1. Listed residues Ala59, Ala55; which is surrounded by 13 or more Cβ atoms within 10 Å (Cβ to Cβ) and among the aliphatic types (A, V, I, L, M)?
2. Which of the residues that make up the stretch 103-132 are part of a loop (DSSP other than H, G, I, E, B) and among the small types (Gly, Ala, Ser)?
3. What about Ile91, is it out of contact with any Phe, Trp or Tyr (no Cβ under 6 Å at 6 or more places or on another chain) and either closer than 20 Å to Val14 by Cβ or modelled with pLDDT of 95 or more (or both)?
4. Return the residues of the stretch 105-132 that are surrounded by 12 or more Cβ atoms within 10 Å (Cβ to Cβ) and either acidic (Asp, Glu) or without any contact (Cβ under 8 Å) to a residue 60 or more places away in the chain (or both); say none if nothing qualifies.
5. With the condition being more than 19 Å from Arg129 (Cα to Cα) and under 21 Å from the mean Cα position of the chain (by Cα), I'd like the strands (runs of 3 or more DSSP E) fully within the stretch 21-75 carrying at least 3 qualifying residues.
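The values are calculated or read from the model by the stated rules, or taken from the named source; none is laboratory data. This structure is a prediction, so every number in the text was calculated from the model and none was measured. Counting neighbours? That spans all protein chains shown, and the Cβs are built from the backbone with ideal geometry, glycine included.
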Amino acid sequence: MATNLTTIFGTEIVVSPQARTVERQLSAFAGAHGLTSMFMGSRGYTITVTGRIAADASAGYNAGRAILEGYITAIEAYQYNYAADYTFRGILYENVIFEKFDIKRDANGKAFHYVKGNYLIADFTAQLRALT
């Protein structure tokens, strides 16, 4: 059973599958034809997830930040899982692993921001890799 990416990241996300990258092995040696390249296939494709997580900060900044850090810890835990199937808007992504999760900072270095309605938000980018 595939897990919907919105159950992990929330509903304010954009999922962008990227083109496969080609893996090559290069060898260099002295001679007329001193560089050779060997095609190694591809190692799946990257899926970039960008979005925003939010927490109610009506009890104060520290309470909102603690909630956001709890969300971040839960998302980071997926990096230790085996490959699994995920869905987003009816599209199935098979054999996916979580590679990286980054909180974006603004020009002032702040990662957590207040918005209207006493909410604290954090923007993020996650890199997933489909192994097939």
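1. Ala55
2. Those that are part of a loop (DSSP other than H, G, I, E, B) and among the small types (Gly, Ala, Ser): Ala107, Gly109, Ala111, Gly117.
3. yes
4. Arg105, Ala111, Phe112, His113, Tyr114, Asp123
5. Numbers: elements: 22-28, 35-42, 45-56.
In the stretch 21-75, the matching strands (runs of 3 or more DSSP E) lie at 45-56.
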